[in-house]
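The values are calculated or read from the model by the stated rules, or taken from the named source; none is laboratory data. What you are looking at is a predicted structure, and each value in this text was computed from that prediction instead of being measured. Here the Cβ positions follow ideal geometry from the backbone for every residue, glycine too, while neighbour counts run over all protein chains shown.
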Amino acid sequence: MLKHFCDTTHESLKEKLQVTSSEQWFKCEYCRYRTRRKGYHILCKHTNTENRKWFQCDSCTYRSWFESTLKEHIMSKHTNPEDIKWFECEHCSHRTKRKHELKRHIISTHTNPEDIKWFNCEHCSYKAKFKNELTKHLIFKHSKPNDIKWFNCEHCSYRAKFKNRLKKHVISKHSKPGDIKWFNCGHCSYKAKLKDELKTHIMSKHA
């Protein structure tokens, strides 16, 4: 069995992971990250990348450590809409390219609160429908600045707690119009730099 070692301390990563008693959370002391997916975290963060097998996209420069992620990329970026297998909601007209997104939609929109498996915060009364929402809550509300892995902008002093927020900042503040993938409104001439901005526009102007 392959044994992973930390490049900085040369300790076995297995020795550096602690498990909390109640919810089987794995706490990595090296990077201060908590997760239930220990193997995934080690693979992403603490394995020597020089010996990793990359899955390369045939149509662009994108590559991933995971074949499933590459498949999602190809479907999202390089597949014609008519060739996509859509996952359709049985309760409304909503459809999505990804099965897990349909599941989130059904839980968020069509599931009674008493039927939801809630993720409860161990520090306060907050509860979330999804694990990643609880993770965000823990980072925002219960993490000290020194315990957070910050994502820093290479163009200015901005920093974010989440990678996707840094990406939105770079697109919004530092990208040239010609380099931006614009999101066009299907009802008027409005276009937005970010998908969330288009959703807000549609809700406020066309809903």
Does region 80-101 hold any residues that are surrounded by fewer than 13 Cβ atoms within 10 Å (Cβ to Cβ) and polar (S, T, N, Q), and which are they? Asn80, Ser93
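Only residues that are among the charged types (D, E, K, R) and closer than 25 Å to Met203 by Cβ: list them for region 154-175, please. Working first, answer last.
Here is the first cut: in region 154-175, the residues among the charged types (D, E, K, R) are 154, 159, 161, 163, 165, 167-168, 173.
Selection gives Arg165, Lys167, Lys168, Lys173.
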Here's a check for you: in region 137-180, which residue that is in a strand (DSSP E or B) and touching a residue at least 12 places away in the same chain (Cβ under 8 Å) is nearest to Phe119 (Cα to Cα)? Phe151
Being exposed (fewer than 14 other Cβ atoms within 10 Å of the Cβ) and in contact with a helix residue (DSSP H, G or I) (Cβ under 9 Å, 6 or more places away or on another chain) narrows Asn152, Asn146, Asn164 down to just Asn152
Is at least one residue of region 176-194 among the polar types (S, T, N, Q) and over 23 Å from Ser204 (Cβ atoms)? no
Of Glu101, Glu82, which residue is of a type outside the set (A, V, I, L, M), part of a helix (DSSP H, G or I), at pLDDT 60 or above and touching a strand residue (DSSP E or B) at 6+ places or on another chain (Cβ under 8 Å)? Glu101
Yes or no: Cys121 within 27 Å of Ala192 (Cβ to Cβ) and touching a His at 6+ places or on another chain (Cβ under 8 Å)? no
Search result, residues across region 58-71 that are within 20 Å of the chain's Cα centre (by Cα) and not in a helix (DSSP H, G or I): Tyr62, Arg63, Ser64, Trp65, Phe66
Restricting to region 179-207, count the residues that are farther than 18 Å from Leu166 by Cα and either in contact with a His (Cβ under 8 Å, 6 or more places away or on another chain) or of a type in the set (D, E, K, R) (or both). 9
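How about region 89-101: which of its residues are farther than 16 Å from Phe130 by Cβ and under 22 Å from the mean Cα position of the chain (by Cα)? Before you say what the answer is, go through the steps one by one.
Step one: filter region 89-101 for residues farther than 16 Å from Phe130 by Cβ, giving 89-95, 97.
Result: His94, Arg95, Lys97.
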For the condition within 24 Å of His105 (Cβ to Cβ), among the hydroxyl-bearing types (Ser, Thr, Tyr) and either in contact with a Lys or Arg (Cβ under 7 Å, 6 or more places away or on another chain) or free of Cβ contacts under 8 Å to residues at least 24 places away in the same chain (or both), what is the one hit in Tyr126, Tyr190? Tyr126
Restricted to region 86-101 and to residues being among the charged types (D, E, K, R) and in contact with a Phe, Trp or Tyr (Cβ under 6 Å, 6 or more places away or on another chain), the residue nearest to Glu72 (Cα to Cα) is Lys99
Of the numbered conditions (1) within 30 Å of Thr79 (Cα to Cα); (2) over 16 Å from the mean Cα position of the chain (by Cα); (3) surrounded by 12 or more Cβ atoms within 10 Å (Cβ to Cβ), Arg104 fails exactly one; give the number of that condition. (2)
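For (1) modelled with pLDDT under 85; (2) of a type in the set (Val, Ile, Thr); (3) in contact with a strand residue (DSSP E or B) (Cβ under 7 Å, 6 or more places away or on another chain), each residue gets a yes or a no:
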{"site": "Lys163", "(1), (2), (3)": "yes, no, yes"}
{"site": "Val170", "(1), (2), (3)": "no, yes, no"}
{"site": "Gly178", "(1), (2), (3)": "yes, no, no"}
{"site": "Lys181", "(1), (2), (3)": "yes, no, no"}
{"site": "His187", "(1), (2), (3)": "no, no, no"}
{"site": "Lys191", "(1), (2), (3)": "no, no, yes"}
{"site": "Asp196", "(1), (2), (3)": "yes, no, no"}
